[in-house]
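The values are calculated or read from the model by the stated rules, or taken from the named source; none is laboratory data. Here the structure is a predicted model, which is why all the values come from computation and not from measurement. A quick note on method: Cβ atoms are made from the backbone with ideal geometry, for glycine too, and the neighbour counts reach across all protein chains shown.
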């Protein structure tokens, strides 16, 4: 495994709690000049061993990092959005089928993995802490 430079974050992340037609959480990573985004129906796991469905949605503009408020009826994603967590992340590896990263937020801390399963479906989980000698 590669050592991650914890003095130089790869980018920012945000998790929005999104009260639309169905409550879900929007997980967004700053990558390639946009926010790569996934809708996570049951929320981002905070403990190891829990895998959650993450449905990839369209990329969002970077301005969405700080967005909180109402999306008006009739618009895509209509409802209330609030920031549930935010911070920086450190990318360990990025392949078409798997993204490995460390989150450093107020709530979410630790090593996470996104694994592509099919079409726009991914799984997100918190990786077990590595034992350091």
Worksheet item: Which condition breaks for residue 46 when tested against (1) crowded, with 16+ Cβ neighbours inside 10 Å; (2) within 21 Å of residue 110 (Cα to Cα)?
Response: (1)
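Being at pLDDT 95 or above and farther than 16 Å from residue 89 by Cα is the requirement here; does residue 30 meet it?
Considered against the rule, which asks whether it is at pLDDT 95 or above and farther than 16 Å from residue 89 by Cα, residue 30 comes out as no.
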Fill in: Criterion violated by residue 98 - all others in (1) without any contact (Cβ under 8 Å) to a residue 60 or more places away in the chain; (2) closer than 20 Å to residue 17 by Cβ satisfied
(2)
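Kindly indicate the residue of the range 4-18 that is modelled with pLDDT under 95 and touching a strand residue (DSSP E or B) at 6+ places or on another chain (Cβ under 9 Å) and also nearest to residue 91 (Cα to Cα) among those meeting that condition.
Only one residue fits best here, namely 10.
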Item to complete: Might you check whether a residue that is buried (at least 16 other Cβ atoms within 10 Å of the Cβ) and under 18 Å from residue 122 (Cα atoms) occurs anywhere in the range 62-78?
Response: no
Practice prompt. Tell me which of these residue 53 doesn't satisfy, since it passes every other one: (1) over 15 Å from the mean Cα position of the chain (by Cα); (2) surrounded by 12 or more Cβ atoms within 10 Å (Cβ to Cβ); (3) under 20 Å from residue 116 (Cβ atoms).
Written response: (1)
Practice prompt. Identify all residues within the range 52-86 that are touching a strand residue (DSSP E or B) at 6+ places or on another chain (Cβ under 6 Å), on the phi > 0 side of the Ramachandran plot and part of a strand (DSSP E or B); write none if there are none.
Written response: 79
Worksheet item: For the range 121-133, which residues satisfy the criterion of being surrounded by 13 or more Cβ atoms within 10 Å (Cβ to Cβ) and part of a loop (DSSP other than H, G, I, E, B)?
Response: 127
Worksheet item: Looking at the range 21-45, which of the residues that are touching a residue at least 60 places away in the same chain (Cβ under 8 Å) and part of a loop (DSSP other than H, G, I, E, B) is nearest to residue 64 (Cα to Cα)?
Response: 44
Worksheet item: Among the residues of the range 91-111, is any surrounded by 15 or more Cβ atoms within 10 Å (Cβ to Cβ), in contact with a helix residue (DSSP H, G or I) (Cβ under 8 Å, 6 or more places away or on another chain) and in a strand (DSSP E or B)?
Response: no
Discussion item. If residue 58 satisfies all but one of (1) under 15 Å from the mean Cα position of the chain (by Cα); (2) exposed (fewer than 12 other Cβ atoms within 10 Å of the Cβ); (3) over 19 Å from residue 115 (Cα atoms), what's the number of the condition it fails?
Written reply: (3)
